[in-house]
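Just below is one structure, and these are the notes that go with it.
The values are calculated or read from the model by the stated rules, or taken from the named source; none is laboratory data. On a predicted model such as this, the values are computed, not experimentally measured, just so you know. Positions of Cβ are generated from backbone atoms using ideal geometry, with glycine treated the same way; all protein chains shown enter the neighbour counts.
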Amino acid sequence: MNQVEQKFTWKRALLYACLLLVAVVQIFPLIWLVDFSLGSSNEMFTNGLLIIPEKIRWDNYVTAFVDGHFLHYLKNSILVNVTAVVFVIAISILAAFAVTRMKWKLQGFVKTLLLMGMMIPIHATLLPNYVIYDKLGLTDSFWALLIPYVAFSLPQGLFLTCSFMDSIPKELEEAAIMDGCSIYRIIGTVITPLMKSSMATVAIMTFLNNWNEFMMASTYLSSNKWKTLPFSILEFTGQYSSNYAVQFAVMALTAMPAVVVYVLLNKYITKGVAMGAVKG
Amino acid sequence: MKKKIISLLLAAAMVCTMAACGNSSGQENASSNAKAEESGSSDAADAVEPADAPALGSQEGAAASAEPVAIKVFSNLTDRKSGQGFVEQTLFDQYMAENPNVTIEVEALDDEAYKTKFKAYASGSSMPDLVNVWGQPSFLDEVIAEGLLAELNQDDYAEYGFLSGSLDGFSKEGKLYGLPRNTDVMAFYYNKAIFEEHGWKVPQTYAQLNQLAKDITAEGMIPCSMDGADKWPISIYYQDIVTKILGDSQQDVRNSVSTGDFSNAAYKQAAELMQESVEAGLFQNGFETSDYGTAQNLFTNGQAAMFYMGSWEMSMANNEEISPEVRDNIGIFMMPVVEGGTAQVTDIAAWNGGGYAVTQNSAVRDEAVKLLNYMFLPENWSKIAWENGVCMSAQNYADFLTGEETSVQLAFTDIISSAASITGVTFNDLGDSEFKTNSEDLSAELAIGMVSPEEFIAQLEAAAK
Amino acid sequence: MRKIYSNKRVILTLILPGLLTFLLAILAPICLSIYYSFTDFSGMGEAVFNGLDNYKAMFQDTGFWVSLRNSLLLAIGFICIQHPLALITAAILDKMQNKAEGFFRCVYFIPNVISVAVIAYLWKFIYNPNFGLLNNILKLFGFEGNVNWLGSGSAIWSVLVVLIWHGFGWGMLIYYTGIKNIDPVLYEAAAIDGATGKEAFMKITLPLMKPVIQVNVTMAVISALKQMETVYLLTNGGPGDQTQFMANYLYKQAFNSFKYGYGNTISVAFIVICLLATVLLNRIFKEKDA
């Protein structure tokens, strides 16, 4: 906590060594992935875990970029995920206000009901949902991805938003009500600005939940129009089944946007979470 | 009041749900309407004569150009640039060039994902028009029973040269529902160079195979790589041994699966023989979790001396990505005979697996049938597949021999043409899909010794009943 | 003011978007699921009602019990191994107060950002008995190094290691943010009283973190029960059903065996188990409160 504590001791060195070891274990997949993606497939079956490629093969990435429809899928991924995040945040705040602030008989029941969604395995809903979307003519559309993505992230989002909202003192809004503000205005101008950190957490959670999702995507979509990034991987494992290196290149490429965003925003993300996401 | 609103909402939700449950009748109506609309225009186009197909194709293109047609294809061939996917795509491109009014939209998913999505499609109303199917009861029976596939006109294919029996798997009660892509046969691929270097010989008996496994292991190599994660190769391996004991056993195995009677001593003996080989170290350590790619790569990278897989991998011999040391030295041999068995090495496990069918409710059903018929004109699928060394079609391709085939291609052709008997669909695919799952799980458990041969037989019988 | 807070029209407009999403995408499929669970539906064609047959079959299905056991085993692994480690690491990081803190925090979380497809591939390579990392390390230390990590017997432990490793970063991040919320004054006071780091952790961090731990553990248990993708890609439940988990098992029944009705029976049981687990955990935590 202060400079005195920072001086060198053996205990401290050991601690750092342990932390570093864990760090290596955690970051290893990324290193491994990039390493193999630059080699050729034959080199993969050597007796070491990492390889030194005979020749660095950037062309693996060119193949991945072009044949993987990278830009098109990335655009879809961003579009779907950003929209989903916006919806989840907005719906969470509205619903959280209704169940934590408003007074009505069924509020407890509805809250539990909505939170129950957290316990539902998405795989159980795969086929029934397909049947429903099919009836509604939603398959192979933007909505076929957006609805389940929002629905399955909503319970967690609501849960966090509720617990955060509970910790906001009521005096502020009560003052606003005295001034004659409507509930909608209170939510818009008083509550939401206070919810920044919880919104950040909900955004990250939603994003992480859905960014790599492929089970629902491959069931609900059929044409190329709305396919998302995981499809690059999915299509490549079939297309280049014998060429591991190219498969790895496409995996590295699809992992990159999320990793880059995370590393760049890491400070803000953690700060956002730290500012009070988990109030219990 | 609040309560009322909530209960109204809940009621609305229930209604939605009910509507979703009870919709099948509506769907049928819609589809029968579609059928009625089409039936007028269906007949003429079906009778395509192979000889004048190109001319016919262009005529039609001209005639129908006013009316654009979009055919949706659902394929399990994800690789569109080599192998069977390449042949498929080539034919589609060709067809679209000859029929400018037709556009073909392909959706391709790997086997597992394909089967899941197929089910989703089957439960909805938007089935693609031309779909991949497997000519095996485990897949096709349920699909046909639900009336998902359109019946094909058998007379259309009189001149197509389909090998006798190759359409059986795609037929049910005398009606034809699909066409097979190829003839599949299971074999040991082996690396001739490695065999020569160590003085190993192609085994003539099963005992020699086990001895070979021990010899190769002693040299620190993997004798035979096996795709155990998918489980079906293990099942087929087992079937292969059974065939080598019983000889022409097609009917026997069929009866066993349908009656659940596996008391024939050959089944138990085959189970014991498989376990013996595993104990002799025939397959790589951890084969039960090695997936297709890993198993294949062990062979193509020269770490395994053999690879047990189907004839569709013959294209390894002209795959540029495999190093020439392996690529140019691939040989094949069949499951060797079992001492005391009645079979010869020419009694083989072969079948017609993947193929195509047209869906019953397709809005462009006749166009899809036309496309299917076009694809399987002998000079199309059969010829292109053979010339590219991809696979052996289920049709007579003798006319298309070029003299430039790889030795692997020729060896497979020889095996098929000199076969004394052919198993047809292997035992794991003879039951329903539940039997397939169970029997393949059991085969894998038998191979790793989780169940004894006695337990294997008992549980197999239970699964068949 | 009460009147404003209980305006039904306002309440309705606030809750409607959430409720509709829930009804359309979660409740409706579940109702369908429950309906199918009483039928012999194969996934296509007609669904014929067969009463409690599926449920009876489920209770006798060893595959179901094995997958339930494995799911619970994973939950225990999360609670007893992953979370204590995550909490301690978070506490240590919190005390570092230098650049390394940010670095470690960032790196520890990275596996969570990477697709499970990559994670599963990686571990397949690590566990490969022929050329994998683990056996190579064993060889380095003079062992024979031919352990079949994903083989019969050891597979479930190998799978648990992957799952516990993978979720570590997320748990740590949540704990870390919780600890950051603790007023530093408390630690300073403790330091003045001469408390060691360990004592401060036991007396300040743990008690104050209780609500966070409660939430985190509940979520971990649910995610353990819901585990699917990693197992599906790593072992798909094999060998036998040794590494079968509930979600994967229901997927296998519904889509590979064409027993969609039965698959739904499992998923109904699955939902009930998840709900029970949540209620049970809440009970446990409440009792401790008292």
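Taken across segment A:47-70, residues that are at pLDDT below 85, touching a Phe, Trp or Tyr at 6+ places or on another chain (Cβ under 6 Å) and over 30 Å from residue A:148 (Cα atoms) do occur, with at least one present. Can you go through A:131, A:110, A:150 and tell me which one is buried (at least 18 other Cβ atoms within 10 Å of the Cβ), within 12 Å of chain C (Cβ to nearest Cβ), over 30 Å from residue A:40 (Cα atoms) and touching a Gly at 6+ places or on another chain (Cβ under 8 Å)? Just a single option satisfies the conditions, and that option is A:131.
Check segment A:187-195 and report whether any residue there is touching a helix residue (DSSP H, G or I) at 6+ places or on another chain (Cβ under 7 Å), away from chain C (no Cβ under 12 Å), at pLDDT below 85 and over 30 Å from residue A:134 (Cβ atoms). Yes; the residues of segment A:187-195 include at least one that is touching a helix residue (DSSP H, G or I) at 6+ places or on another chain (Cβ under 7 Å), away from chain C (no Cβ under 12 Å), at pLDDT below 85 and over 30 Å from residue A:134 (Cβ atoms). Among all positions in segment B:179-193, there is no residue which is aromatic (Phe, Trp, Tyr), more than 23 Å from residue B:288 (Cα to Cα) and more than 14 Å from chain A (Cβ to nearest Cβ). Annotation: residue B:371 fulfils all but one of (1) surrounded by fewer than 24 Cβ atoms within 10 Å (Cβ to Cβ); (2) over 20 Å from the mean Cα position of the chain (by Cα); the unmet one is (1).
Conditions tested, residue by residue: (1) closer than 29 Å to residue B:422 by Cα; (2) within 14 Å of chain C (Cβ to nearest Cβ); (3) touching a Pro at 6+ places or on another chain (Cβ under 6 Å); (4) not hydroxyl-bearing (Ser, Thr, Tyr).
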{"site": "B:236", "(1), (2), (3), (4)": "yes, no, no, yes"}
{"site": "B:247", "(1), (2), (3), (4)": "yes, no, no, yes"}
{"site": "B:261", "(1), (2), (3), (4)": "yes, no, no, yes"}
{"site": "B:271", "(1), (2), (3), (4)": "yes, no, yes, yes"}
{"site": "B:289", "(1), (2), (3), (4)": "no, yes, no, no"}
{"site": "B:299", "(1), (2), (3), (4)": "yes, yes, no, yes"}
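Kindly evaluate residue B:438 against the criterion of being touching a residue at least 12 places away in the same chain (Cβ under 8 Å), under 19 Å from the mean Cα position of the chain (by Cα), surrounded by fewer than 22 Cβ atoms within 10 Å (Cβ to Cβ) and within 21 Å of residue B:227 (Cβ to Cβ). So residue B:438 passes the test. Selection of segment C:136-168 for residues being assigned to a helix (DSSP H, G or I) and within 9 Å of chain B (Cβ to nearest Cβ) yields only C:155.
Residue B:357 satisfies every condition listed in (1) assigned by TED's automatic domain parsing to the domain that holds residue B:210; (2) buried (at least 24 other Cβ atoms within 10 Å of the Cβ) except (1).
Does segment B:113-123 contain at least one residue that is over 16 Å from the mean Cα position of the chain (by Cα), among the small types (Gly, Ala, Ser) and surrounded by fewer than 18 Cβ atoms within 10 Å (Cβ to Cβ)? Give the steps one after another, and end with the answer.
The initial filter retains those residues of segment B:113-123 that are over 16 Å from the mean Cα position of the chain (by Cα), namely B:116-117, B:119-123.
When the remaining residues are screened for being among the small types (Gly, Ala, Ser), the result is B:120, B:122-123.
Okay, now just the ones that are also surrounded by fewer than 18 Cβ atoms within 10 Å (Cβ to Cβ), so none.
No, the conditions are met nowhere in segment B:113-123.
Contact map, segment C:25-36: first residue within 8 Å of chain A (Cβ to nearest Cβ) and crowded, with 22+ Cβ neighbours inside 10 Å, second residue in a helix (DSSP H, G or I) and aromatic (Phe, Trp, Tyr), Cβ cut-off under 7 Å, separation 6 or more or different chains; pairs are C:36/C:260.
Of B:220, B:281, B:228, all but one fail to be under 25 Å from residue C:237 (Cα atoms) and over 21 Å from the mean Cα position of the chain (by Cα); the exception is B:281. Might you let me know whether segment C:92-103 holds any residue that is closer than 29 Å to residue A:248 by Cβ and buried (at least 21 other Cβ atoms within 10 Å of the Cβ)? No: segment C:92-103 contains no residue that is closer than 29 Å to residue A:248 by Cβ and buried (at least 21 other Cβ atoms within 10 Å of the Cβ). Among the residues of segment B:167-183, those that are surrounded by fewer than 22 Cβ atoms within 10 Å (Cβ to Cβ) and in a strand (DSSP E or B) comprise B:171, B:172, B:175, B:176.
Checking A:86, A:24 one by one, the residue that is closer than 24 Å to residue C:136 by Cβ, among the hydrophobic types (A, V, I, L, M, F, W, C) and modelled with pLDDT of 85 or more is A:24 and no other.
For residue B:399, indicate whether it is crowded, with 17+ Cβ neighbours inside 10 Å, assigned to a helix (DSSP H, G or I) and charged (D, E, K, R).
No, not satisfied.
For segment B:314-341, the set of residues classified as surrounded by fewer than 17 Cβ atoms within 10 Å (Cβ to Cβ) and closer than 12 Å to residue B:241 by Cα consists of B:339 only. Out of C:257, C:267, one residue alone is at pLDDT 85 or above, under 30 Å from residue B:229 (Cβ atoms) and either touching a helix residue (DSSP H, G or I) at 6+ places or on another chain (Cβ under 8 Å) or surrounded by 18 or more Cβ atoms within 10 Å (Cβ to Cβ) (or both). It is C:267.
The rows are residues; the columns are (1) more than 14 Å from chain A (Cβ to nearest Cβ); (2) within 12 Å of residue B:73 (Cα to Cα).
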{"residue": "B:105", "(1), (2)": "no, yes"}
{"residue": "B:113", "(1), (2)": "no, no"}
{"residue": "B:125", "(1), (2)": "no, no"}
{"residue": "B:151", "(1), (2)": "yes, no"}
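The requirement of being in contact with a helix residue (DSSP H, G or I) (Cβ under 9 Å, 6 or more places away or on another chain), away from every other protein chain (no Cβ under 11 Å) and either assigned to a helix (DSSP H, G or I) or loosely packed, with under 15 Cβ neighbours inside 10 Å (or both) is satisfied by residue C:76.
With C:39, C:13, C:62 as the choices, which residue is over 25 Å from the mean Cα position of the chain (by Cα), at pLDDT 85 or above and away from chain A (no Cβ under 11 Å)? Criteria check complete, one pass: C:39.
Checking the condition facing chain A (nearest Cβ under 9 Å), of a type in the set (D, E, K, R) and more than 30 Å from residue C:108 (Cβ to Cβ), which residue from C:8, C:56 passes?
On the way: C:56 fails: facing chain A (nearest Cβ under 9 Å).
It is C:8.
Every test in (1) under 24 Å from the mean Cα position of the chain (by Cα); (2) surrounded by fewer than 24 Cβ atoms within 10 Å (Cβ to Cβ) is passed by residue A:137 save one, and that test is (1).
Output the residue which, of all residues in segment A:103-134 that are free of Cβ contacts under 8 Å to residues at least 24 places away in the same chain and outside any helix (DSSP H, G or I), is farthest from residue C:269 (Cα to Cα). Looking at the filtered set, the residue picked out is A:103. Against the condition in the same structural domain as residue A:168 (by TED's automatic domain parsing), among the hydrophobic types (A, V, I, L, M, F, W, C), out of contact with any Leu (no Cβ under 9 Å at 6 or more places or on another chain) and surrounded by fewer than 20 Cβ atoms within 10 Å (Cβ to Cβ), how does residue A:208 come out, does it pass? For residue A:208, the condition - in the same structural domain as residue A:168 (by TED's automatic domain parsing), among the hydrophobic types (A, V, I, L, M, F, W, C), out of contact with any Leu (no Cβ under 9 Å at 6 or more places or on another chain) and surrounded by fewer than 20 Cβ atoms within 10 Å (Cβ to Cβ) - is met.
Please find, within segment C:192-217, the residue that is nearest to residue C:95 (Cα to Cα) out of those that are of a type in the set (S, T, N, Q) and buried (at least 20 other Cβ atoms within 10 Å of the Cβ). Before the answer, list the steps.
Of all residues in segment C:192-217, those of a type in the set (S, T, N, Q) come to C:196, C:205, C:214, C:216.
Retained after the next criterion (residues that are buried (at least 20 other Cβ atoms within 10 Å of the Cβ)): C:205, C:216.
Numbers: C:205: 12, C:216: 21 Å.
Ranking the qualifying residues of segment C:192-217, first place goes to C:205.
Among the candidates B:194, B:241, B:216, the residue that is at negative phi, part of a helix (DSSP H, G or I), in contact with a helix residue (DSSP H, G or I) (Cβ under 7 Å, 6 or more places away or on another chain) and surrounded by 19 or more Cβ atoms within 10 Å (Cβ to Cβ) is uniquely B:241.
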